[in-house]
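Readers should treat all values here as calculations from the given coordinates under stated rules, not as data from a laboratory. Note that the coordinates shown come from a computational prediction; the quantities given were computed from them, not determined experimentally. No Cβ is skipped: glycine too gets one built from the backbone with ideal geometry, and neighbour counts run over all protein chains shown.
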Amino acid sequence: MGCVSLLEMKGITKVYGTTIKTKALGGIDLKFETGEFSSIIGYSGSGKTTLLNILGALDRPTEGSVWFQEGEVTAMSDRELADFRNRNIGFIFQFHHLLPEFTALENVLIPTWIKSHSSSRAKEGRAKELLELVGLKERLNNKATDLSGGQQQRVAIARSLINEPAIILADEPTGNLDSETTEQVYELMREINTTLNTAFILVTHNDHIAAKSDRIIEMKDGLILKDYLTSKKSREKVWEEVAPKYCRHCYEDSEESQLL
Ligand SMILES: Nc1ncnc2c1ncn2[C@@H]1O[C@H](COP(=O)(O)OP(=O)(O)OP(=O)(O)O)[C@@H](O)[C@H]1O
């Protein structure tokens, strides 16, 4: 049984631990399509990161299956998984995991050291183009440690794109950035989404970013509480419903907002 969506999970559960067990995901079915820009939201401990890690084949579910187009990801060996991830999925994390002593250009090229289909000159050319796309044309040869937090995250975004993945998974990509840089990083992800048709799935606590997504998936206790497919027109309406729980600015003093 294949799948026609870009990425699909069927009946996914995840239990951590052997003696003390924590059920992080309680049976999830989700489909993601090419070019979708989705945000996963929910309180701390609701299972967002666990879900993202399973979607990205960084972790295996306890039960259920994950499909990428026609192939079953959960049936792959660890070696096949590593190759699958490298070819199809880009990752952006809150802490960008750049190699500090390497330049911006070298950091972007790291994923290509494993996947070597094109010539190194072509790859370097593409890495330079991507660094230009993220506004770092003048910083190619700066070491990662000599860049600001926002610039480092831009390098991480360029790096996530180097193997032309169909999908980018981002866990709190703006978690440690100020609001202006957050907005710039969001705009950049959107530009990539529209120009390259790359699907994005973000785990975010940032209500501005979630509010602008095409789709908002709300999790609670390891389950999908709601899955809002929004058009530009309906986005405001959806957010009016979701915001009372997640919008820090609207409900700064509420007990629930402290959990975010
Ligand atoms: N490696 C692990 N071992 C044991 N339990 C874990 C592990 N990772 C997560 N959990 C538990 O699984 C549940 C879901 O965690 P997860 O990190 O997916 O939630 P989250 O919604 O991403 O939270 P946050 O917003 O705080 O990052 C939580 O109860 C958490 O304590």
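Observations on the structure shown:
- Qualifying GluC sites (Glu not before Pro) in region 62-160, where qualification requires a DSSP coil assignment and no more than 10 other C-beta atoms within 10 Å, comprise Glu70, Glu101.
- Local electrostatic count, Leu131, Cβ distance below 9 Å [Lys/Arg +1, Asp/Glu -1]: +2
- Separation in nanometres of the label points that stand 7 Å from Cα toward Cβ, at Ser77 and Thr18: 2.4
- Convex hull projection area averaged over all views, the chain, Cα basis, nm²: 14.9
- Working from Cα pairs under 8 Å separated by at least six residues, relative contact order for region 57-212 is 27 percent.
- Applying both filters, DSSP loop and at most 15 other Cβ atoms within 10 Å, to the trypsin sites (Lys or Arg not before Pro) of region 41-133 gives Lys115.
- Contact order relative to length of the chain, as percent, for alpha carbon pairs under 8 angstrom and 6 or more apart: 25
- Net dipole in debye of region 107-224 [+1 Lys, Arg Cβ; -1 Asp, Glu Cβ; about Cα centre; nearest 20]: 640
- All other residues whose Cβ lies under 15 angstrom from that of Asn142 are scored, Lys and Arg at +1 and Asp and Glu at -1, for a net of +1.
- DSSP bridge pairs, the chain: antiparallel proportion in percent, nearest 5: 55
- Computed from phi, the 3J(HN,Hα) profile of region 164-181 under the Karplus parametrisation 6.51, -1.76, 1.60 (θ = phi - 60°) reads 6, x, 7, 8, 10, 9, 10, 9, 6, x, 10, x, 10, 10, 6, 5, 5, 5 Hz, with x in place of Gly and Pro.
- Peptides 175-183, 212-220 ordered by packing proxy, namely the average of other Cβ atoms within 10 Å per residue, highest first: 212-220, 175-183.
- Overall Cα dimensions of region 61-203, principal axis frame, Å, largest first: 44, 37, 29
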